[in-house]
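Notes follow the structure.
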Amino acid sequence: STGGSQIYFYPTEYLTYGGRSANITTRPDGTQEYRIADHLGSNRVTLENTGSVVATTDYEPYGKAIAGVPPRKGFIDKEKDQESGLGDFGVRKYDDGIGRFTSIDPLWEKFPAWSPYVYSRNNPVLRVDPTGKWDITVHAYNDRAKYGYGI
């Protein structure tokens, strides 16, 4: 060993199934893993190219992993900072343990009836806030993100 750090690069591809896409990762040994998400975009199942289940992850309503090993990208396909444990939602950081953002919504004045820290209007099963600025219904988000149109 030279004592240096090793960096691993995992190429990612996408496979379409039923109008959605599955995240495919090729490991250094050439094997592939397929990640399948739920309606929110949260990674739920990881499969080998043989179809065998490698891992499953279950989440509480606000995104805290409760069973299984959380993948690198978990709740609504967002990465967690390893040091703070907070989700990186772009504009703001998200604490899945309390279901709140850690800073004020930059658009808080548009929603005076809601706490500026709230996640998805307290409805994490029907709404998502992928950027930390504006929540949207899951149906409209999936239509726009996956198909290029909205309801």
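What follows is calculated from the coordinates using simple rules that are stated; it is not laboratory data. What you see is a predicted model, and the numbers here were worked out from it, not measured in a lab. Note that each Cβ is placed from the backbone with ideal geometry, even for glycine, and that neighbours are counted across all protein chains shown.
Taking amide hydrogens as placed 1.01 Å from N in the peptide plane, the amide H of Y59 sits under 5 Å from those of I66, each at least 5 positions away in sequence or on another chain. What's the long-distance tail for segment 12-147, i.e. % of Cα pairs beyond 23 Å? Roughly 36 percent, once rounded to a whole number.
Placing a label point 7 Å from the Cα of F111 along the Cα-to-Cβ direction, the residues of segment 84-102 whose backbone N falls under 18 Å from that point are 87-102. Ordering 95-101, 126-132, 46-52 by mean Cβ neighbour count within 10 Å, with the highest value first, yields 126-132, 95-101, 46-52.
Were the residues from V91 through H39 laid out at 0.36 nm apart, the gain over their Cα-Cα distance would be 16.5 nm. Once both labels are positioned 7 Å from their Cα atoms along Cα-to-Cβ, the gap between T102 and V53 label points is 3.3 nm.
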